[in-house]
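A.B. asks: Before I ask anything, here is the structure I am working with.
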Amino acid sequence: MTARALRFEVIAIDMPPPSAAPAEPAPPAADAHTSLRNALKLGGSLLVTYGIALVMRMVLPRYLGPEGFGRYNWADGFSGAFFVLSALGLDVYIRKEVSVRREHASEFFGGTLLLQLALALVLTGGMLWVMRAGGEPPEVQRLALLMGAYQFFFRLNAILAAVLHAREQVDGLSVAHVVMKCIWGGGLVLVLLLGLPLPWLAAPFIGAEVVKVAFLLHLTRAHAGLRFRVDVRATATALLAALPFFINEAALATNGRVDVSILGLVANKTEVGYYGAVWGIAGMTMLLSPILGWVLLPMMSRAASSSPEEFTRILRRGLEGVITVSVPVTLALALGAETWVRLMIGEAYLPAASVLRLLAPIFVLTYVATVCGSWLMAASRTWTVTRTSLLAAGLNPALNLLLIPPMLARLGPTGGASATALSLAICEVIVTIILLSAIGERAHDARSLAVLAKTTAVCAAVTAVHLGLGAVGLDARDLVRGLARLVVDGAVYLTLILATGAVRRDEVLALVRRVKDRRRPAASAPSPFPEEERAA
């Protein structure tokens, strides 16, 4: 870590009042224009990093096998469930508040960093005690503790990145994503080639995040003016304001981490291996998720304070956009589950194809919930999101404990993994319904409802074509035939989605041209959202 890059100050002056007037916001159209351009920059870097991650998602399960990969995946999930407590909700709080109060981050950064270090030590001790009490093998214990160290640096990087997102300084951040992922991927390949023991898998994770910490500390100091200060009063104020974000993040982690831990304890590590391997495939559909969190909340927060009309348009077009992008990918995963498993992680995981089919629809719901949650937070209704996440946090473990034993007994191998996927799906449906209900009619208009109806009809037609192709022999029993079937599915989907007008080609091209046009004066930049009357 580059400690020299930060100026250490212990100050005793009062923090500026929260009501201090923020800088004059940019016009809504210009702000959305800039945010979309930043989204493309971050998306470009994520395409590279996702490509590297995709290769490793294919290599690791094949190399380790279901049981070995299950141990690795369990250690990762177990450490993540503990260390989510060290995040303190600061990254979301920063995107919301620092986007309108430029110097606010320096007021609490030093104090919260010291608190996170103390929490990391306590959490490490707690992890060790729980694993020893549970009789976990020493190899798994060491791996989990090392993954805990990775989680600390990962959480710190999320906070530093949030400062850059709030200040809309993402060029260096995009480079950091690529460099970090190259270090991680190269390190994992080296560990596998050398045949090192399981705990060594954590070394590339830690090394990549430490390098990223050093780089982001430099970027936040240079571009966002971040300084290391310890101000107890300012730190306490920020932590209190971030409390709903913290509770929400901890609750969300329960859905993503605790369920894996429960699966490993109630069933076995092989079930965790099946679940983790197909989750890695399904996770490809979440490419946009980080971008939504990085870009959408700051943009919505500024729109909420400057233009209620733009605030609502961002919500509607955002929901329309995530449905347009996520549905075809999700449909491809669900229809071609056996083909994707055979292609990416091998025949040993083929029994888990049904688990992938259960997981696939979850990500459309996750995208919708993410957009709705960002809008509610920007509208100062954070506790609505938090209460919903807490409901899911309690429901998900209960469903896992209820469903895993009978489904494992009834279905055999992958029965436990199927129960975990089903539990998560039920929770996501409930969360999405609650968040949409909380927003009400502002979440949709005639145009978005028309897009949803057309997209649903196209999915039904493609599913019918897919089943028909299987009936005539073009099925998933052979990899080549399975891929050919998916190509036909894709061609049918693209043809129908354009023919029905669910996706407007002229609007997509116009949006790309607007984002690329950086020379246009901000005051005259047109809104990237089409006029409402074109929805008819």
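The values are calculated or read from the model by the stated rules, or taken from the named source; none is laboratory data. Since the model is a prediction, treat every value here as computed from it, not as a measurement. When we count neighbours, we look across all protein chains shown, and the Cβ atoms used for this are built from the backbone with ideal geometry, even at glycine. Calculation scope for accessible area: heavy atoms of the full protein, side chains included, ligands and nucleic acids excluded. Shrake-Rupley method; radii C 1.70, N 1.55, O 1.52, S 1.80 Å.
A.B. asks: One residue is enough: does the stretch 164-176 have a residue meeting the conditions open to solvent by 10 Å² or more (accessible area, probe 1.4 Å), at pLDDT 85 or above and part of a helix (DSSP H, G or I)?
C.D. replies: no
A.B. asks: Please go through (1) in a helix (DSSP H, G or I); (2) of a type in the set (A, V, I, L, M); (3) crowded, with 17+ Cβ neighbours inside 10 Å for ALA476 and return the number of the only condition it doesn't satisfy.
C.D. replies: (1) is the only condition that ALA476 fails.
A.B. asks: Another question, if that's okay. Could you grab the pairs with beta carbons closer than 8 Å, sequence gap of 6+ or different chains, first residue in the stretch 206-232 and at positive phi, second one open to solvent by 30 Å² or more (accessible area, probe 1.4 Å)?
C.D. replies: Listed by first residue and then by second, the contacts come to GLY225/ARG102; GLY225/GLU103.
A.B. asks: Being modelled with pLDDT of 80 or more and open to solvent by 30 Å² or more (accessible area, probe 1.4 Å): is that true of LEU219 here? Break it down into steps so the answer makes sense when it comes.
C.D. replies: Numbers: modelled with pLDDT of 80 or more: yes; open to solvent by 30 Å² or more (accessible area, probe 1.4 Å): no.
Answer is no for this residue.
A.B. asks: Ok, one more. Can you name the residue in the stretch 319-333 that is small (Gly, Ala, Ser) and open to solvent by 20 Å² or more (accessible area, probe 1.4 Å) and is also nearest to GLU441 (Cα to Cα) among such residues?
C.D. replies: Here is the first cut: in the stretch 319-333, the ones small (Gly, Ala, Ser) are 321, 326, 332.
Going one step further and asking which of them are open to solvent by 20 Å² or more (accessible area, probe 1.4 Å), we end up with 321, 332.
Working: GLY321: 18, ALA332: 31 Å.
Among those that are small (Gly, Ala, Ser) and open to solvent by 20 Å² or more (accessible area, probe 1.4 Å), it is GLY321.
A.B. asks: Quick check on my filter: what residues within the stretch 109-127 are more than 18 Å from ASN157 (Cα to Cα) and either surrounded by 15 or more Cβ atoms within 10 Å (Cβ to Cβ) or of a type in the set (Phe, Trp, Tyr) (or both)?
C.D. replies: Of everything in the stretch 109-127, those that are more than 18 Å from ASN157 (Cα to Cα) and either surrounded by 15 or more Cβ atoms within 10 Å (Cβ to Cβ) or of a type in the set (Phe, Trp, Tyr) (or both) turn out to be LEU123, THR124, MET127.
A.B. asks: Looking at the structure I just gave you, is ALA348 open to solvent by less than 40 Å² (accessible area, probe 1.4 Å), part of a helix (DSSP H, G or I) and of a type outside the set (Asp, Glu)? Reasoning before the result, please.
C.D. replies: Details: open to solvent by less than 40 Å² (accessible area, probe 1.4 Å): no; part of a helix (DSSP H, G or I): yes; of a type outside the set (Asp, Glu): yes.
No; evaluated as a whole, the condition is false for this residue.
A.B. asks: Here's something else I'd like to know. Looking at (1) of a type outside the set (S, T, N, Q); (2) modelled with pLDDT of 65 or more; (3) assigned to a helix (DSSP H, G or I); (4) open to solvent by less than 80 Å² (accessible area, probe 1.4 Å), find the lone condition where VAL512 falls short.
C.D. replies: Of the numbered conditions (1) of a type outside the set (S, T, N, Q); (2) modelled with pLDDT of 65 or more; (3) assigned to a helix (DSSP H, G or I); (4) open to solvent by less than 80 Å² (accessible area, probe 1.4 Å), the odd one out for VAL512 is (2).
A.B. asks: Would you mention how many residues in the stretch 448-488 are within 29 Å of ARG316 (Cβ to Cβ) and touching a residue at least 60 places away in the same chain (Cβ under 8 Å)? First the steps, then the outcome.
C.D. replies: Going through the stretch 448-488, the residues within 29 Å of ARG316 (Cβ to Cβ) turn out to be 448-463.
Next, only the ones that are touching a residue at least 60 places away in the same chain (Cβ under 8 Å) stay: 448, 450-452, 455, 459, 462-463.
Looking only at that region, the number is 8.
A.B. asks: Of the residues in the stretch 65-87, how many are within 20 Å of the chain's Cα centre (by Cα) and open to solvent by 20 Å² or more (accessible area, probe 1.4 Å)? Show your work before the answer.
C.D. replies: To start, the set of residues in the stretch 65-87 that are within 20 Å of the chain's Cα centre (by Cα) comprises 73-87.
Retained after the next criterion (residues that are open to solvent by 20 Å² or more (accessible area, probe 1.4 Å)): 73, 76, 81-82, 85.
Total satisfying the criteria: 5.
Per-residue answers, yes or no, for (1) open to solvent by less than 40 Å² (accessible area, probe 1.4 Å); (2) modelled with pLDDT under 90; (3) farther than 16 Å from ALA267 by Cβ:
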{"site": "ASN396", "(1), (2), (3)": "yes, yes, no"}
{"site": "LEU399", "(1), (2), (3)": "yes, no, no"}
{"site": "SER423", "(1), (2), (3)": "yes, no, no"}
{"site": "VAL429", "(1), (2), (3)": "no, no, yes"}
{"site": "VAL458", "(1), (2), (3)": "yes, no, yes"}
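A.B. asks: Please verify whether the stretch 362-370 includes one or more residues that are surrounded by fewer than 24 Cβ atoms within 10 Å (Cβ to Cβ), farther than 30 Å from LEU452 by Cα and either free of Cβ contacts under 8 Å to residues at least 40 places away in the same chain or β-branched (Val, Ile, Thr) (or both).
C.D. replies: No, the stretch 362-370 has no match at all.
A.B. asks: Now, a different point. Quick check on this structure: which one of LEU390, LEU401, LEU395 is assigned to a helix (DSSP H, G or I), touching a residue at least 60 places away in the same chain (Cβ under 8 Å) and farther than 30 Å from ALA303 by Cα?
C.D. replies: Working: LEU390 fails: farther than 30 Å from ALA303 by Cα; LEU395 fails: touching a residue at least 60 places away in the same chain (Cβ under 8 Å).
Among LEU390, LEU401, LEU395, only LEU401 is assigned to a helix (DSSP H, G or I), touching a residue at least 60 places away in the same chain (Cβ under 8 Å) and farther than 30 Å from ALA303 by Cα.
A.B. asks: For the subset of the stretch 351-387 comprising residues that are part of a helix (DSSP H, G or I) and basic (Lys, Arg), which member is modelled with the highest pLDDT? Quick ask: steps written out before the conclusion?
C.D. replies: Of all residues in the stretch 351-387, those part of a helix (DSSP H, G or I) come to 351-359, 362-378, 382-387.
Okay, now just the ones that are also basic (Lys, Arg), so 357, 387.
On the way: ARG357: 91, ARG387: 86.
Result: ARG357.
A.B. asks: Could you please give the count of residues in the stretch 483-505 that are over 16 Å from VAL329 (Cα atoms) and open to solvent by less than 30 Å² (accessible area, probe 1.4 Å)?
C.D. replies: Of the residues in that region, 1 qualify.
A.B. asks: Being closer than 13 Å to ARG155 by Cα and open to solvent by 10 Å² or more (accessible area, probe 1.4 Å) is the filter; apply it to the stretch 88-108 and report the residue that is modelled with the lowest pLDDT.
C.D. replies: VAL92
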